[in-house]
Amino acid sequence: MIGLDLQILGPALIAGLLVLATHVPLGIIVLDRSIIFIDIALAQVAATGVVFGKMMWGDVSVWIVQACAIGAALMCSALLVWTDRRYAAVQEAIIGAVYVSAAAVQLMMLSYNPSGAESLKQLLIGQILWVSPLQLVIVALVYAVALLIWYYRDLSRHSTLFYLVFAVVITLSVQIVGILLVFASLIIPALATRSAPPRWRLLIAFNVGVVGYLSGLAVSALFNAPTGAATVCTLVPAALIASAMIRRRQVPADEEAVGPAKVVAADIWPKPTE
């Protein structure tokens, strides 16, 4: 239990809750719009911006690296807004092409970095255990603005605003929790609650994410496993259990309609006695 140090796991859990606060509602929109891979594509583009910024300026200026990441994500968002309006029928294919292209460019840049393999690992699984208080404050402020926009504007109907908010949120998230956990946080809770009552869907999805993150942090601490990968692995069973419970509590409409009808028919026309 020595590994369960609250000084390390506490900030990591806060970071996870902040990520879930924005990724769960945005993930539901992504799932409903059937643009599933937009999150991983934008995450890959933002990660490519991070790699480019570090390759050009190193770790001297964190703000320049952040500007490169956000700038890359915003340019990608502008491209996807344009393609969504002109080529909506093949938007998912375009998103896939963006992801592959960004990944290829990123790998080419990392090939010139002696520690490229380690940098790639950090981008994939994140550094949630090493998040600083300053990072948490910055992320909390940006996410608060994103949540306010989501609350007062229907992002499912405003594509440009949706892509803008999405790009900024993903850029910050990918540097904390990594590409894999960004995708998992967006899609898995939303997918698990697809058949939940609409008014409860958001709350249930958030709780699924909380269970996944808590379990992932515990598994990571106890077995010295990569936190991002462990959290993805615990999110999946949490989502499966939640989905099964939701389906079990639902009564099919046809059973509700057929059941009473059989009773009434039996009362009106009872079987003749021999």
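The values are calculated or read from the model by the stated rules, or taken from the named source; none is laboratory data. Values in this document were obtained by computation on a predicted structure and should not be read as measured data. Every residue, glycine among them, receives a Cβ derived from its backbone with ideal geometry; neighbour counts consider all protein chains shown.
Looking only at region 143-177, which residues are at pLDDT 90 or above, in a helix (DSSP H, G or I) and surrounded by fewer than 19 Cβ atoms within 10 Å (Cβ to Cβ)?
A144, V145, L147, L148, I149, Y151, Y152, L161
Answer yes if at least one residue in region 178-187 is at pLDDT 90 or above and either touching a Pro at 6+ places or on another chain (Cβ under 7 Å) or charged (D, E, K, R) (or both), and no otherwise.
no
Looking only at residues in region 235-247 that are more than 14 Å from the chain's Cα centre (by Cα) and crowded, with 21+ Cβ neighbours inside 10 Å, which one is nearest to L202 (Cα to Cα)?
Going residue by residue through region 235-247, those that are more than 14 Å from the chain's Cα centre (by Cα) are 237-238, 240-247.
Then drop every residue that is not crowded, with 21+ Cβ neighbours inside 10 Å, which leaves 238, 242.
Numbers: A238: 15, A242: 13 Å.
This residue is A242.
Matching residues to (1) touching a helix residue (DSSP H, G or I) at 6+ places or on another chain (Cβ under 8 Å); (2) aliphatic (A, V, I, L, M); (3) at negative phi:
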| position | (1), (2), (3) |
| --- | --- |
| L141 | no, yes, yes |
| A146 | yes, yes, yes |
| W150 | yes, no, yes |
| R153 | yes, no, yes |
| H158 | no, no, yes |
| V169 | yes, yes, yes |
| Q175 | yes, no, yes |
| S185 | yes, no, yes |
| I204 | yes, yes, yes |
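Of the conditions (1) within 25 Å of S34 (Cα to Cα); (2) at pLDDT 90 or above, Q106 satisfies every one except a single condition; which number is it?
Exception for Q106: condition (1).
Filter region 205-231 down to residues that are among the polar types (S, T, N, Q) and out of contact with any Ser or Thr (no Cβ under 6 Å at 6 or more places or on another chain) and give me whichever is surrounded by the most Cβ atoms within 10 Å (Cβ to Cβ).
Residues of region 205-231 among the polar types (S, T, N, Q): 207, 215, 220, 224, 227, 231.
Adding the requirement that they be out of contact with any Ser or Thr (no Cβ under 6 Å at 6 or more places or on another chain) leaves 207, 224, 231.
Values: N207: 16, N224: 9, T231: 31.
Residue satisfying both the conditions and the ranking: T231.
Only residues in region 81-102 that are more than 22 Å from G49 (Cα to Cα) count as the first member; pair them with residues that are in a helix (DSSP H, G or I) and acidic (D, E), Cβ under 7 angstrom, at least 6 apart or cross-chain, and list the lot.
That search, which allows pairs on different chains as well, returns Q91/D84.
Determine whether region 190-197 contains at least one residue that is among the small types (G, A, S), out of contact with any Ser or Thr (no Cβ under 8 Å at 6 or more places or on another chain) and under 30 Å from L80 (Cβ atoms).
Of region 190-197, the ones among the small types (G, A, S) are 190, 192, 195-196.
So of that shortlist, the ones also out of contact with any Ser or Thr (no Cβ under 8 Å at 6 or more places or on another chain) come out as 190, 196.
Remaining after also requiring under 30 Å from L80 (Cβ atoms): 190, 196.
The answer is yes; a qualifying residue exists.
Is there a residue being surrounded by fewer than 24 Cβ atoms within 10 Å (Cβ to Cβ) and outside any helix (DSSP H, G or I) anywhere in region 197-204? Walk me through how you get there before you give the answer.
Going residue by residue through region 197-204, those that are surrounded by fewer than 24 Cβ atoms within 10 Å (Cβ to Cβ) are 197-204.
Checking which are outside any helix (DSSP H, G or I) leaves us with 197.
Within region 197-204, one or more residues are surrounded by fewer than 24 Cβ atoms within 10 Å (Cβ to Cβ) and outside any helix (DSSP H, G or I).
Give, as residue ranges, the helices (runs of 4 or more DSSP H) completely inside region 15-114 that count at least 2 residues that are in contact with a Cys (Cβ under 6 Å, 6 or more places away or on another chain) and crowded, with 19+ Cβ neighbours inside 10 Å.
Values: elements: 38-57, 62-86, 91-110.
By residue number, 38-57.
In region 113-139, how many are modelled with pLDDT under 85 and not polar (S, T, N, Q)? Spell out how you get there, then give the answer.
From region 113-139, those modelled with pLDDT under 85 are 113-127; that's our starting set.
Subset that is not polar (S, T, N, Q): 114, 116-118, 120-121, 123-126.
Number satisfying all stated conditions: 10.
List, please: which pairs have Cβ atoms under 7 Å, are six or more places apart or on different chains, and start with a residue in region 139-156 that is without any contact (Cβ under 8 Å) to a residue 60 or more places away in the chain and end with one that is among the β-branched types (V, I, T)?
Between residues of region 139-156 that are without any contact (Cβ under 8 Å) to a residue 60 or more places away in the chain and residues that are among the β-branched types (V, I, T), the close pairs are V142/V168; I149/V165.
Taking interchain pairs and intrachain pairs at least six residues apart, which have beta carbon atoms under 9 angstrom, with the first residue in region 24-48 and within 14 Å of R201 (Cβ to Cβ) and the second among the polar types (S, T, N, Q) and in a helix (DSSP H, G or I)?
As it stands, the answer is V24/S185; G27/S185, since those pairs meet every condition given.
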